[in-house]
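K.L.:
Structure below; questions to follow.
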Amino acid sequence: MKKLLLIIPALLFSMLGFSQGIEFEHGTWKEVLEKAQQTNKPIFVDVYTTWCGPCKMMSKDIFPLENVGKVYNASYICYQIDAEEKREGNEVANKYEVKAFPTYLFIKADGTLFFRALGAMDAKRFIDVSNTALSELNDSKRLSAWEKEYAEKKNDPIFLIDYMKKRSNQGLSNATFFDEYLKLIPEEERTSDAVVDLY
């Protein structure tokens with residue numbers, strides 16, 4: 001009887017433990033895409049390597065948190081990929097041009113990348129990343145529309161800031177556009193906090 005009384009709390013504790021934190025899928029990438037299509041949910045992918053210190057920190061300290069799990073599990077099919085795994089991991093990392101670790105990819109069910117983020121961060125910032133990704137997913141103005149508008153508004157510094165934000169969310173380089181932006185603003189503004197943050 002005493003053993004039974006000890007086993008029941010242990011089982012309950014372990015069951016509660018499984019419900020906390022991000023619940024990552026364990027199938028293949030193809031199966032994850034299929035599940036995303038069936039559930040009509042986007043995919044969150046943590047791309048890591050086994051030697052990456054910040055990756056280990058996120059896995060140990062942030063992904064298991066209940067508040068993080070609630071946000072990510074409700075909004076995404078969650079998946080982890082070792083970028084150096086010879087088969088699938090390497091293919092996915094190359095396809096989405098992952099160059100640093102950890103990289104967080106936010107992908108539509110059809111396999112289209114709509115947002116990315118990088119690096120270790122605290123729980124609040126990591127939840128903010130999810131919120132930003134969802135707003136990007138629901139943004140009706142596609143990158144192609146921004147590109148067409150750029151031809152007309154490339155001399156508008158306010159437009160350029162918004163355009164660079166959109167491109168950053170897609171993981172695209174802004175080096176050329178940042179140079180154009182600097183040429184459009186007064187010289188004394190080029191070292192302002194806003195410009196440094198943008199850089």
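K.L.:
Could you tell me the distance between the Cα centroids of the stretch 116-194 and the stretch 27-89, to the nearest Å?
P.N.:
Distance between centres, Cα-based: 25 Å.
K.L.:
Counting only protein heavy atoms, what percent of the accessible surface of the chain is carbon or sulfur at a 1.4 Å probe? List each step's numbers first, then the result.
P.N.:
Numbers: 6820 of 12310 Å².
It is 55 percent, rounded to a whole number.
K.L.:
Right, next: Helix 143-153 versus the longest principal axis of the chain: what angle, 0 to 90°, nearest 10, using Cα atoms?
P.N.:
Taking the Cα atoms of the chain, the angle to 143-153 is about 20 degrees.
K.L.:
What's the angle, to the nearest 10 degrees (0 to 90), between helix 2-19's Cα axis and the longest principal axis of the chain?
P.N.:
Value to nearest ten degrees: 20.
K.L.:
Oh, and also: Tally the DSSP beta bridges in the chain and give the antiparallel ones as a percent, rounded to 5. Spell out each step's value before the answer.
P.N.:
Values: 10 of 17 bridges.
The antiparallel fraction comes to roughly 60 percent.
K.L.:
By how many degrees, between 0 and 90 and to the nearest 10, does the Cα long axis of helix 175-184 differ from the longest principal axis of the chain?
P.N.:
The two axes meet at around 40 degrees.
K.L.:
Hey, what's the chain come to in accessible area per residue, 1.4 Å probe, Å²?
P.N.:
Values: 12310 Å² over 199 residues.
The answer is 62 Å² per residue.
K.L.:
In the stretch 19-110, which trypsin sites (Lys or Arg not before Pro) fall in coil by DSSP and have 11 or fewer other Cβ atoms within 10 Å?
P.N.:
Here the sparse-neighbourhood loop sites are K86, R87, K99.
K.L.:
Beyond 27 Å between alpha-carbons counts as too far, so tell me which of K56/K124; K70/K148; K99/K165 fall in that bin.
P.N.:
Values: K56/K124 18 Å; K70/K148 38 Å; K99/K165 20 Å.
From the list (K56/K124; K70/K148; K99/K165), the Cα-Cα distance tops 27 Å for K70/K148.
K.L.:
Mind listing P(r) for the stretch 153-198? All alpha-carbon pairs, 10 Å bins, whole percents.
P.N.:
27, 60, 13, 0
K.L.:
For the chain, what is the per residue volume of the convex hull drawn over the alpha-carbon atoms, in cubic angstrom?
P.N.:
It comes to 153 Å³ per residue, whole-number rounded.
K.L.:
Taking the stretch 31-108, which GluC sites (Glu not before Pro) meet the DSSP loop condition and have no more than 14 other C-beta atoms within 10 Å? Write out the running numbers ahead of the final one.
P.N.:
On the way: sites: E31, E34, E66, E84, E85, E88, E91, E97; in loops: E84, E85, E97.
Those satisfying the criteria are E84, E85, E97.
The values are calculated or read from the model by the stated rules, or taken from the named source; none is laboratory data. Keep in mind that what you see is a predicted model, and the values were worked out from it rather than measured. Cβ coordinates were reconstructed from backbone atoms using ideal geometry, including for glycine residues, and neighbour counts include every protein chain displayed. The accessibility values were calculated without ligands, DNA or RNA, using every heavy atom of the protein model including side chains. Shrake-Rupley method; radii C 1.70, N 1.55, O 1.52, S 1.80 Å.
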